[in-house]
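Each remark here refers to the structure printed beneath this line.
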Amino acid sequence: MEFQQLKSIIEGLLFMAGDEGLNKRQLADIMGIDVDYIEELVLDLQRDLERDGRGVQIGILAGSYRLTTHPEHAAYFERMAYTPTRAQLSQAALETLSIVAYKQPITRVEIEEIRGVKCERAIHTLVAKDLIEEVGRAEAIGRPILYGTTKIFLDSFGLASIKELPEPKDVSLEDEDMDEQTQLLFERFEGRQMTLDEVKE
C-alpha cells in the first residue's frame with residue numbers, strides 16, 4: 001500500500017476515534033504494520049496538515065494521537081456554537097438523543113454499547129445545544145458522568161415531561177428498538193429542522 005494512502009487511512013481512523021484518539025500500538029494493530037512505521041507516517045501527516053494550512057492538526061495526549069482544531073481559531077468555533085444559525089441535528093446526534101431520552105440517566109459507555117459506535121461528538125453537540133446535561137455520576141469504577149435530558153429538550157419537542165415521550169413497543173438494547181425510538185422522536189418533531197435559534201428560545 002502506498003505511503004500517501006496509509007496516511008489517509010490514519011487521518012480517517014483518528015477522525016473516527018474522536019476525542020479518545022488512538023495510540024501508535026492501536027494504529028499498528030488496526031493497520032497491520034510496524035509501530036515504528038506508524039510513527040513515521042503520523043509525523044509526515046502532521047507536516048502535511050501544517051504545510052497545507054489545514055483546519056485540523058494532530059495532537060498527542062496521554063500517548064494517543066488525535067485530530068484537534070487550532071487554538072487560534074477558537075473564537076470562530078465559539079461564534080458557531082452561540083450564534084443563531086441553521087444547525088440541523090445529524091442522524092448520529094438524534095440517535096444519541098433518543099437513547100438518553102429513553103434510558104436516562106445513562107453513561108457515555110452505555111450509549112456506545114447501544115449504538116455500537118463512539119459518540120463523544122454527538123454528546124458534545126447535544127450538550128452544546130442544551131438538549132442533554134450532566135445529571136450526576138454513576139456508582140462505578142471511575143465514576144463516569146451520567147447524562148439526562150434538559151428543559152430545553154422538553155420545550156423543543158413539545159413535551160410537558162419525560163413521561164410524555166411516545167412509547168415504543170419494547171425499550172431494550174436491541175438495534176430495532178433504538179431505530180423505533182429515533183423514528184418516534186422524528187415524528188414528534190414533525191419533520192421540522194432543529195436550529196440553534198429554536199433551541200435557545
Percent accessible area from carbon and sulfur atoms, the stretch 1-114, protein chains only, probe 1.4 Å: 51
Compute the accessible area per residue over the stretch 1-130, keeping the other protein chains in place, probe 1.4 Å, unit Å². 58
Karplus-derived 3J(HN,Hα) from phi for the stretch 93-109 (6.51 cos²θ - 1.76 cosθ + 1.60, θ = phi - 60°), whole Hz, x at Gly and Pro, runs 5, 5, 4, 4, 4, 5, 5, 4, 4, 8, 10, 5, x, 8, 8, 4, 4
The long-range amide H neighbours of R137, using H built 1.01 Å from N in the peptide plane and a cut-off of under 5 Å, are L146
Can you classify the stretch 1-139 as rounded, prolate or oblate using the Cα gyration tensor, where a ≥ b ≥ c are the square roots of its eigenvalues, rounded means a/c under 1.5, and otherwise it's prolate if a/b beats b/c and oblate if not? oblate
Which whole-Hz couplings ³J(HN,Hα) result when phi for each residue of the stretch 131-146 is put into the Karplus expression 6.51 cos²θ - 1.76 cosθ + 1.60, θ = phi - 60°, listed in order with x for Gly and Pro? 8, 10, 8, 6, 10, x, 10, 6, 7, 8, 4, x, 6, x, 5, 9
In nm, to one decimal, how far is the modelled label at K151 from the one at V35, with both set 7 Å along Cα→Cβ? 5.2
Hydrodynamic radius (Kirkwood) for the stretch 107-147, which is based on Cα pairs only, to one decimal in Å: 10.7
If K103, K7, K118, K151 are ordered by their accessible area, calculated over protein heavy atoms with a 1.4 Å probe, which sequence runs from highest to lowest? K151, K118, K103, K7
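The values are calculated or read from the model by the stated rules, or taken from the named source; none is laboratory data. This structure is a prediction, so every number in the text was calculated from the model and none was measured. Reconstructed Cβ throughout: ideal geometry from the backbone, glycine too, with neighbour counts over all protein chains shown. The protein model used for the area step is the full one, side chains on, heavy atoms only, and it has no ligands, DNA or RNA in it. Shrake-Rupley method; radii C 1.70, N 1.55, O 1.52, S 1.80 Å.
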